[in-house]
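What follows is a single structure, written as structure tokens, with notes after it.
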Amino acid sequence: MRAVINKMSLKFESHSVNEAFARQAVGAFVAQLDPTMEELGDIKTVVSEAVTNAIVHGYADKCGFITVTVRLFEGRALELKVKDAGCGIENVEQARQPMFTTATTRAAAWDSRSWRHSRTKCACAPRRGRERWLRWSRC
């Protein structure tokens, strides 16, 4: 296992305006790994998708907290976790299907294929929230 060289954690309320805050904060923190613009854009997109998902689906009818944690490792690698304590999900495999949604309107559906990346994982439990994480390495 590679040694952790730096880490950060953010905790914020599930207001939609905080998605941009999380995206920019993680982007600024990860910049110390000197990623390419494409890599940085991909990482920020994962943050946006995970935080938006927590806001729209985890806390659809209430406000709650979202925690974003990033650990940087030797060898220009990172681990990103986005966690909420929202409603959770009954069937994780079903949730991984394209255009699956727990929302009551179809407009809230999104294509989950962006999350079905070999380095991206999701753990969910009914009524206990979700945790999504990405492990990324340039090696």
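What follows is calculated from the coordinates using simple rules that are stated; it is not laboratory data. Quantities reported herein were computed from a predicted structural model and do not represent experimental measurements. Note that we place each Cβ from the backbone using ideal geometry, even for glycine, and neighbour counts take in every protein chain shown.
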At a Förster radius of 25 Å, what calculated FRET efficiency corresponds to the Cβ-Cβ distance of residue 39 and residue 62, to the nearest 0.05? 0.10
Count neighbours as other Cβ atoms within 10 Å of each site's Cβ, and list the trypsin sites (Lys or Arg not before Pro) in the stretch 1-59 that are DSSP loop with at most 16 such neighbours. 2
Projected-area mean, the stretch 21-96, by convex hull of Cα positions, square nanometres: 5.8 nm²
Which chymotrypsin sites (Phe, Trp or Tyr not before Pro) from the stretch 16-97 combine a DSSP loop assignment with at most 15 other Cβ atoms within 10 Å? none
Check cross-link reach from residue 11 to the aspartates and glutamates: straight Cα distance under 17 Å, and skip same-chain residues fewer than eight apart. 19, 49, 79, 84, 131
